[in-house]
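Undergrad: Quick one: structure below, then a few questions.
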Amino acid sequence: MKDTDIKRLLYTHLLCIFSIILSICIPSFFLENFSILETHLTWLCICSVFVTAVNLVLYLIVKPNASSKRSSISYKVTRFLKCCIYFLMSCFFFHVIFVLYGAPLIELVLETFLFAVILSTFTTVPCLCLLGPNIKAWLRVFSRNGVTSIWENSLQITTISSFIGTWLGAFPIPLDWERPWQMAIERKKMCRSFCVPGMVLGTVTQ
Amino acid sequence: MGDDTWKDLFPGAFSQAFFFPSFNVRDLHTVDNGILEHLYPTMDGGEWDVLIAHFLGVDHCGHKYGPHHPEMAKKLSQMDQVIQGLVERLENDTLLVVIGDHGMTITGDHGGDSDLEISAALFLYSPKALFPRVPPKEPEIVPQISLVPTLALLLGLPIPFGNIGEVMAELFAEAEDSQPHSSALAQASALHLNAQQVSRFLHTYSAAAQNLQVKELHQLQNLFSKASADYQRLLQSPQGAEAALQTVITELQQFLRGVRAMCIESWARFSLGRMAGGAALLAAACFLCLLVSQWATYPGFHPLLLTPMACGLASTIVCAGLLATTGLKLDPVVLGAMAAVGSLLPFLWKAWAGWGSKRPLAALFPIPGPVLLFLLIRFAAFFSDSFVVAEARATPFLLGSLILLLVAQLHWEGKLLPPKLLTIPRLCFSASAGQPRHSGTHALGLGVGLLLCIRLAGLFHRCPEETPACHSSPWLSPLASMVGGRAKNLWYGACVGALVALLAAVRLWLCRYSNLKSPEPSVLFVRWGLPLMVLGTAAYWALASGADEAPPRLRALVAGASVVLPRAVAGLAASGLMLLLWRPVTVLVKATTGTPRTRTVLTPFSGPPTSQADLDYVVPQIYRHMQEEFRGRLERTKSQGPLTVAAYQLGSVYSAAMVTALTLLAFPLLLLHAERISLVFLLLFLQSFLLLHLLAAGIPITTPGPFTVPWQAVSAWALMATQTFYSLGHQPVFPAIHWHAAFVGFPEGHGSSTWLPALLVGANTFASHLLFAVGCPLLLLWPFLCESQGARKRWQPLGNEAEARVRPEEEEEPRMEMRLRDAPHHFNAALLQLGLKYLFVLGIQILACALAASILRRHLMVWKVFAPKFIFEAMGFIVSSVGLFLGIALVMRVDGAVSSWFRQLILAQQR
C-alpha cells in the first residue's frame, strides 16, 4: 500500500515539474516573440493554466483520498463552484498580502495579481484537489502532528516550500535596477526553483 | 551633455544642457548617441565657453562585457571617430581635453585601488602648438587633482580654495615665441599662483585641524616663503638667468608635491589595527551579551562578575602605568579597550571553566532557527550597498515576515485553535464557536493589523539619493510649505486628529486598566497635563504653518508664541517625567464595604485572605493585616456588611508608569518633527501595541519560575525601531538630517552654543531608537497584563453577587504584574536578560556595520553609504543603550516605590 502510494506520489510530482517545463517550451511554437523574460505575463498565465490542468487530471486519475459517499450531480457542482470561489478568494488574499508586504498599490497591479494567481496555483489548487473546499482540514494539515497520510505530508512540504521560495524570491529585488517588473519574474523563478526541490524532497523522505 | 548625474550634482549650473538617463548599465548607446546628436551643432553654434560631453558607453561596456570584447572594440572606435571629428572642428583658441575618470580591471569593473583601476588616459589637444618640444614617449603621470588648477588657470579663473593639485607646467609654456626665458617665466607665474592658493589653504586648514605633521608643515612653509621670495626677486630684475627661474620652478613644484604627499598621508590613512581591535571588541561584547543573557536566569551567576571587574581595573592601571613610565602618550581609547579586554578575558575564562563541566555546548546558541536566520540576513545585508540603500524597504519586509512567522508558529503549535478542532476535523463545528476560536481570529487580526500599520507607515518614506525612480513622500515636508488653503486645513485637521487620537488611546488604555482614578500627582498630570500639551502642540503647528499669513499687527505675538509654545510643551513633559519619577506608584487604595469585586475591573488583592499556599507571599499577609485593622475600625463605627480592602491598579503599576513615560517622551519628540509625522507617531504607538499583544499571545506565563522574553520578541522590537526610523522620514545619510529641528522653539538660532541644537537634531533623528529602547521593558510586562483578559472572561459568566461572594477563594485572581513582585530575584534576572538580548540584537547590527565599513573601506560607495550608515548606527546604538538603561531604571524605580508603598501601608496600619 505504502509503496504504491510513494510511486504514485513520485509520478505526480514528476508530472507537475514536467508541466512547468512544458509551459516554457510549448508556447514558443505557437506564439511569436515568446520568452520568459520578455512576455512574462503571458507565460505566467500559461504556466498557471498548465499546472492547474495537470493537478486536476492527476486528481481525477489517482484519487488519493477516499471518495465521498454522496455522488449526486448537484453535490459535485456545488463542490466545484465552491472550489472556484476558494481559488479566487485565495488569489485576492495573496494579492492583499503582497500589497501589505510592499508591492505597489496601483502600478503593476496586473503583475502582482498574476503573481498571486500563480502562487495560488502552486498552493491552493493542490490543497483543493486533495482536501476539498474544507478550511478546517487545511488548518489541520498545516499544524504540528496534523498530517495523517503521505499525500498530506507531501502537500504540506510542497506548499510550505512554495511560500518560502516566494519569500526568498523577494531578496534580489533591491539588487536589480533594471525594470520593475523583474520583481515578478524573479519571485516567480525563485518560487518555482524552490518548489521543485521541495516536491522531490517530499517524495524522497517518505 | 551626456550623463545625467551632472544634473543632480550641479543643478542649474549649465546654460544649456542635454542629459540622458545613465543608470542602466546594459544600455550602451542612449547617452552616447544623444551626445553625438547635439555635440556638433552646439560646437558650431559657438555659444559656449566650456563644453562638457560625458560619454558613458565605454564605462557601461566595460561593466557589461569587459575590456576584451568586440562590443568594446566598436565602442572604442566610435570614440576614436568622435575625437577625430572634434579635432577637425577645433578653433585655434580651443583646448580639447579628453580624460577618463577611472580605468578598469581585466573584468571591466572599477572602484578599487589597483593600478589598472586608478590610471586613466589624459589627452590634450589644441590646433595651436601647446608644448615647446616634442612630448616624451613615456609621459609622466599626472594626478587627477591637477586638472582643476590647470583648467582653472587656463580659463582665467581663480583656483578653487580647497585644491591641492599642481598645475601642469608644460601647458603654460608659450611655445610660439621660442624665447625660453619668457616661457619659463609664464610657467613660474602659474606655479606661483597655484602655490599661493595651496599655501593659503594649508594655513587655514592647519589652523582648523591638528592632524598634519607640524614639522613637515613648518618645513613646507619655509620652502614656500623661500621660493616666493626668489620669485619676487626675479620679477624685479627680469634680466635674471634662466637657471634661477628653473630653480624657482623646481622649488615651487617641490612645495606643491610636498603638500600633496603630506595631505594624502594624513587624510587617507586607515588604522587597520584599531579597526580590527574595535571589531574584535564589539564581537566579544556581543558574545558576552549572548552568554550572560543565557546565564542571567541561572542561580549562582553573580559571583562570576566580581573578579573580572577587578581584573579589568587592574589591567587598566597596569597598562596606564606602563604607558606613563615609558613616556608614551596616554590614549583614552586604548585604555578603555584594555579595560574591556581585561574584564572580558577572565570572565570568558571562568565561564568556559564553569560551562564545560555542567552544560552541553549546544545550549550556548539558544536563538531559535528562524530568528537566527533573520538575524543572519540582517547581518549580511549590511555588506551590500544595494541592501543598505534599500533598507527602508527591506526592514518592513523582514518585520512583516517575522510577524507572519509568529502567527504561523502560533498556529503550528496549535495555540490558535482549540485542540478538539485539530484532532477531529469534522465533528466539532458547534464546539469551536466558543472563546478559543475567537482568540485565533484575534491573533490573525493582530497580524494583519500590524502589516497594515507597517504598510501605512511605509507611505512616509524619504528616498535615498541612489534610487532615481523613487519619489519621496510629499507628506514629509512641513505644512508651511504647502500651497492651497483647503488641503492645508485638511492636513492640519488630520494632524491634530492624530494627536487627539494618541492622547485618547493612552487615556483609554490607562482607563481600561483603571490607572486613571488614582489621586497621585502623576495621574493628575496625565489627566490634565497631556491635553494641555496637545493643545500647545496644535497651537504651535497652527502658528508655524500659517505664520506668513498672519496680519502684521500680530507678527510680534506670533513670533513670541512660536518661541514660547514649544518650550512650554517640553517643560510640561519634563515636569511630568519628574512627577512620574517622584511618585511612580499610580495606585488607589480604598477601604470599602460591600463587594468591590463586582464593581471594579481589576482588584488584584482583595477580599479575605486566600488559601494556605498564598500565605507564603508577602502581599496577602499585608492584606490580612490590613483587613484585621479595618475590621476593628469598622466594628467601632458599627457598620455592617462584609469588609474588603481594595488596591486598584496594582496589577498594571509597572506598565502604566512605562506608558505614561513613553507618552511624555513622545510629545516633545513629535514637536521636533514636521507636522504630518504625527500620523506616524500614532501608527508607531498603534503598531507597538499590536505587536505586544501578538507577542503576549505566544508567551506562556510561568508563574513561579524564571521569566523570559523570547528572542523573536526582542528581534521584532529592534526591527520595528529601525522601521520607524525610516518611516519618520530619516535616511542614514547626512543630507537627510532634519536640520530644521534645531530651530523648533529657537527661531532666531542659538548663537554660539552648539550642544543644544545638536541635542535637538539628535533627538529628532534618533526618536524611534529612544522610544523603542525606553519601551523595551514592556516586552517583559505585557504578557502579565494580557493575563487579565482571560481571567476577566472567566469572571463574567459568574455575574451575580451571591455567587461571587460564595466562591471567592476558588477563583484565581489575575495577579498580573504582581507575579513579578512575588519573585523579585527572577524579576531582576529577567530585566537583565531582556536588556542584554536587546543589546545583542543591536550589537549584531552595529558589528555588521563596522565590519562592512572597514572591509569595504576602498569601496566606491564607502563615504556615501557605508561610513554614514555606520555613524548613524553607532549613534543609534548609543541612544538605544541610554534609552534602555533609562527604561530599566524606571522599572526599578517603580519597583522601589511599590516596595516603600507597601512598607508605608504596614506602618500606617500598625499605628
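The values are calculated or read from the model by the stated rules, or taken from the named source; none is laboratory data. All of these numbers come straight from a predicted model, not from anything done at the bench. With ideal geometry, Cβ positions are generated from the backbone for all residues, glycine too; neighbour counts draw on all protein chains shown. The accessibility values were calculated without ligands, DNA or RNA, using every heavy atom of the protein model including side chains. Shrake-Rupley method; radii C 1.70, N 1.55, O 1.52, S 1.80 Å.
Undergrad: Which loop-located trypsin sites (Lys or Arg not before Pro) does the stretch B:18-127 contain, where loop means any DSSP state but H, G, I, E or B and the Cβ has at most 16 other Cβ atoms within 10 Å? Working shown, then result.
TA: Numbers: sites: B:Arg26, B:Lys64, B:Lys74, B:Lys75, B:Arg89; in loops: B:Arg26.
Filter output for the stretch B:18-127: B:Arg26.
Undergrad: How much net charge surrounds B:Leu476 when only other residues with a Cβ under 10 Å from its Cβ are counted (Lys, Arg +1; Asp, Glu -1)? Please list the in-between numbers first.
TA: Details: positive: B:Arg462, B:Arg676; negative: none.
Local charge sum for B:Leu476: +2.
Undergrad: I would also like to ask the following. Any idea how far apart B:Leu130 and B:Ala283 come out in nm if each label point goes 7 Å out from Cα toward Cβ?
TA: Distance between the two pseudo-spin positions: 5.1 nm.
Undergrad: Give me the net charge for the shell around B:Leu490: Cβ to Cβ below 14 angstrom, other residues only, Lys and Arg +1, Asp and Glu -1. Mind dumping the intermediate values first?
TA: On the way: positive: B:Arg486, B:Lys488, B:Arg676; negative: B:Glu675.
Around B:Leu490, the surrounding residues sum to +2.
Undergrad: OK, next. Near the amide H of B:Phe19, under 5 Å away, which other amide H atoms are found, from residues 5 or more places off or on another chain, if H is placed in the peptide plane?
TA: Here B:Gly2 satisfy the definition.
Undergrad: How much length is gained on full extension from B:Ser753 to B:Met309, taking 0.36 nm per residue of separation minus their Cα-Cα distance?
TA: 156.0 nm
Undergrad: Using Cα pairs under 8 angstrom and six or more residues apart, how large is the relative contact order of the stretch B:1-141, in percent?
TA: 18 percent
Undergrad: I've got another one for you. Could you tell me which GluC sites (Glu not before Pro) in the stretch B:22-110 are loop residues by DSSP with no more than 15 other beta carbons within 10 angstrom of their beta carbon? Intermediate values should be presented prior to the final figure.
TA: Values: sites: B:Glu37, B:Glu47, B:Glu71, B:Glu88, B:Glu91; in loops: B:Glu47, B:Glu91.
Loop-located and lightly packed - B:Glu47, B:Glu91.
Undergrad: Here is a follow-up. Please turn the phi angles of the stretch B:664-672 into ³J(HN,Hα) values with the Karplus equation 6.51 cos²θ - 1.76 cosθ + 1.60 (θ = phi - 60°), one per residue in order, whole Hz, x for glycine and proline.
TA: Values, residue by residue: 4, 5, 5, 5, x, 5, 4, 5, 6 Hz.
Undergrad: Still on this structure, please answer the following. At a probe radius of 1.4 Å, what is the per-residue accessible area of B:His442, in Å² to the nearest 10?
TA: Surface accessible to solvent at B:His442 totals approximately 90 Å².
Undergrad: Any idea what log10 I(q)/I(0) is at q = 0.15 Å⁻¹ for the stretch B:88-164, Debye with uniform C-alpha scatterers and no solvent?
TA: Here the Debye-derived log intensity ratios amount to -0.71.
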